Each structure stands twice: as structure tokens, then as C-alpha cells.
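This report refers to the structure that appears directly beneath it.
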Amino acid sequence: MVADVSYTGPDLDPPQPRRSPLRRPLTVAIAALVPGALLGWGVYAAVGGPDGGGGGTDRAAGASASPSSGSASSTEDSGTPTGTTSPSADGKPSASGRPQTSAPAAGSGPLKGKVVVIDPGHNPDNFRHPSEINRKVDIGTNRKECDTTGTSTNAGWPEAEFTLDVAHRLRALLEEQGATVKLTQDGDRPYGPCVDERARIGNEARADAAISLHADGAGAGNRGFHVILPGAVHEGAADTRAIVAPSAELGRRIAGNFVRVTGSAPANYLGGGTGLVTRTDLGGLNLSTVPKVFIECGNMRDSQDAALLTSGSWRQKAAQGMSEGIVSFLRG
């Protein structure tokens, strides 16, 4: 797993990966509109520049985090953030290097009265608690592990650090719009929470929208983001029937804005180029009673995607794209 890796904080931009002079930018044309989406995908550069491309996995909260191959750092993998501090939500670095998260004046902003729950996937200290996170919990359709350690870049930067950083950036942007924002965890717990509790936090907050943040651990060459939507489940403690339609709309708006703001392309290895995948095996979705989606922002095991995920400026764009999608959904 990731128990033995060391890493720096999530706010630092890495040095740019060395590029071959033979490498030329590729352009990915997204020819089809996502059904029901209000925004066209357009044409986006998916490979080449620091803002091109993305990645994700059909793994989310339920897969093994331990890379079975290529776990040693690669000279071409800028998987550990280094360099200057990352920008805050307003583009200015904070004293700590983390994005500033102060809320606007009470009662201000177009999202006044709206509640958003952000679920940063995994936990940086999960690896210290194997028995706790391997405990099975009921997700409606079956029983599944409480949580996992998540994946990491080839250089050892953990997914859990990535998700916390993006969660802070996203929270700041949504609070600027007047939303009340709650995180399921903020690095303030020894492990977890378990996937059933993550769903329960959103339910008890009566969130108007909830999003679980992840990055993938798929094989090298698999690139692009994808948004995971809840499928229709009515079994045991799970009943998603009321949230399937609004969650799909939330996911479409997030995906469209994510493409527009980051320039990243939908995953090239699942989702049929739409950036949308429906699943019924994730407890965080099955047990939700509020509109909720997962997003796999990129593939940490691909060196090109890793260069994006470890860039503070790209993470800010990722948060901006998600924020604009959530705002669009909440404002109708």
C-alpha cells in the first residue's frame, strides 16, 4: 500500500516533466454532446501542455490503492509536488501555501441558503489503520470495505493529499458564492470516515449537492477525467431512485464545466468519450439521499496526468470547473 512512502505537502507545484523534442501536441475533438448537457464539449487539447489532458479510474472508493507495478519513482514522473506554493482561490498564495477559505459576509452570494457537502476521498492516515478500514460495512447491495488507502503517483504522492487540497480550493470558491460548505473529513480524523458515514454526512446536512473527490490508479496511457453517477438501486439500506435524475444533471454540468475550464478530455478508457459513468457498487452513492456524484480528476499512474494533478495551478482550475458546474446546477 502507501505505508512506506514519504511526500511533501499538496500545495507545491512540481518541476515540469522533461519533454522529448519529438513529442508534439495532440488535439482531441469531442464530437458528441453528452445527453442532456447544456454545454458542448468543444475541442480541447488533451495532451502536450501543462493544462492539457486528464485521467480517471473505474475504481473510486472501493479499489486497491497499492500500485502493483512501477512503484519506484520515474525520472519522467513529476508525481510529487515541489517548487512554489500553489495559488489560493483568488489566485494569491496564503501564508501556509493552502488556498484561503474565508467565507463571504453572512447572507451574501447567489448560493445563500444552499448546502454543499464535499467528500475528499480516502484519508492520508488510512494506511496506519488497516484493520479499521478493512472492516466491512453495508452499502445496500452488499458489504464492502470501510475505506481504502487510495492510490498515488509513481513518485509516491498520495491521492488522499490530492483530494484534500482540491477540497479546500473548491470550498473556498463555493463559499465565495454564499454556499454553506461541509467537508466529510479535513485530515482531522485518524482514518476514514467509512463510506457509509460519508454518505450519511451529506444526508444529515440535507445537502443540495454533494461531490466525492478522487483521482484514478489505472494503467499508464489511460488518461482523462470521468464523473461517476449513481445508478438506480433499491435494496437493503439503499434507495437511490429519487436522486438518480438530479445526480445525473449535477454530473453533466460538472463534466461540461470541467472540460471547459481545465481543457482536459473525458477518459479515453471508459465512458465512451462522454466523461460519464454510472455505477451501483459504491456505498457513497448507494446510501446517498441527496444529489451526489464522484469525480475521478485524472490518472495518478500516468506520467502526463500526474504532471497535471501535482500542479497547484491545474488543481485550481479543476476546483473552478467543479465549482461552476455545481453553481450551474444549484441555480438551475
Rounded to whole Å², per residue accessible area for the stretch 111-230 with a 1.4 Å probe reads 31
Here the averaged projected area of the stretch 110-246, based on the convex hull of its alpha-carbon atoms and given in nm², is 9.4
Expressed as a whole-number percentage, the relative contact order of the stretch 178-266 with C-alpha contacts under 8 angstrom and at least six residues apart is 21
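Which percent of the accessible heavy-atom area of the stretch 192-332 goes to carbon and sulfur, probe 1.4 angstrom?
47
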Summed over the other residues with a beta carbon less than 11 angstrom from that of Gly140, with K and R at +1 and D and E at -1, the charge totals -3
The distance between the Cα centres of the stretch 282-332 and the stretch 179-233, in whole Å, is 9
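Residues with beta-carbon under 14 Å from that of Phe329, excluding Phe329: net charge, scoring Lys, Arg +1 and Asp, Glu -1?
Local charge sum for Phe329: +2.
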Lys and Arg at +1, Asp and Glu at -1: neighbours of Val115 with Cβ under 13 Å from its Cβ sum to +3
Quotient of Cα radius of gyration and Kirkwood radius for the stretch 170-306, i.e. Rg/Rh, equals 0.96
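Over the stretch 242-332, with the other protein chains present, what is the accessible area per residue in square angstrom, probe 1.4 angstrom?
On the way: 2260 Å² over 91 residues.
For the stretch 242-332, the per-residue accessible area is 25 Å².
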Toy charge model, Lys and Arg Cβ at +1, Asp and Glu Cβ at -1: the stretch 128-242 dipole around Cα centroid in debye, rounded to 20, equals 180
With the dipole of the stretch 154-287 defined by +1 on each Lys or Arg Cβ and -1 on each Asp or Glu Cβ, the option from Pro190, Ala215, Leu276 whose Cα lies farthest towards the positive pole is Leu276
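The values are calculated or read from the model by the stated rules, or taken from the named source; none is laboratory data. These numbers were taken from a predicted model, which means no experiment stands behind them. Note that each Cβ is placed from the backbone with ideal geometry, even for glycine, and that neighbours are counted across all protein chains shown. Note: accessible area is taken over every heavy atom of the protein model, side chains too, but ligands, DNA and RNA are not part of it. Shrake-Rupley method; radii C 1.70, N 1.55, O 1.52, S 1.80 Å.
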